[in-house]
1. Is the range 110-132 home to any residue that is polar (S, T, N, Q) and surrounded by fewer than 12 Cβ atoms within 10 Å (Cβ to Cβ)?
2. Do you know which residues across the range 77-106 are free of Cβ contacts under 8 Å to residues at least 12 places away in the same chain and under 17 Å from Gly53 (Cβ atoms)?
3. Give the range 78-105 a look and list any residue that's surrounded by 10 or more Cβ atoms within 10 Å (Cβ to Cβ), at pLDDT below 90 and either touching an Asp or Glu at 6+ places or on another chain (Cβ under 8 Å) or part of a loop (DSSP other than H, G, I, E, B) (or both), or say none.
4. Looking only at the range 43-72, count how many residues are surrounded by 11 or more Cβ atoms within 10 Å (Cβ to Cβ) and either in contact with a Gly (Cβ under 6 Å, 6 or more places away or on another chain) or of a type in the set (Ser, Thr, Tyr) (or both).
Amino acid sequence: MISESSSPDESPHRAGGSRLNAFRFLKPHSHLTSAFGSGEFGKKAEAFARYFGTPQFLLMQTGIVLIWIVLNVSGVVHFDVYPFILLNLAFSLQAAYAAPLILLAQTRQADRDKALAEADAQHREALALAAEQRQQQVADQSTQLLALLQQNTELTRLTNQMSKRIETLTAAVHERVIASEG
């Protein structure tokens, strides 16, 4: 799942070329994975809270209410006659459970969003630090290259001077050899 890297400010690639785990900044926040805890109740409660806002739930609830009213008004059944007190009680019971579940889900989602934003900020800071270090390395390498170019230019100048002196000496030796033969 989430693995650790050796340090948060290491380069984005390992020596072997494989990417580091991009989720390493989320590890401190892994306890926020479920809105209602990690148990079976938590999973079911979160699923129930998420289902409340879906079109399927609204259509299903509307269908049940319409059937309830039609059955009671038409006289097919008489368990909840007008003004539908039992239906109001059912809605009140549903609201009594739905509101806290939804509020809890929103609160925990806000906590997860905050944790993810913090992890994202840490990740961006690590990337900025790595970019700054790379810029410093490039600047250092540029300085070294400039020094090497200057040394190369100086060596080329010295080689040119030596070549001219060798040419001058070779010409002088050649003239003496020709003068001594003649």
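1. no
2. Across the range 77-106, the qualifying residues are Phe91, Gln94, Ala95, Tyr97, Ala99, Pro100, Leu103, Gln106.
3. Across the range 78-105, the qualifying residues are Asp80, Val81, Ala105.
4. 1
The values are calculated or read from the model by the stated rules, or taken from the named source; none is laboratory data. Predicted, not measured: the structure shown is a model, and the values here were computed from it. Using ideal geometry, Cβ is built from the backbone for each residue, glycine included, and neighbour counts are taken over all protein chains shown.
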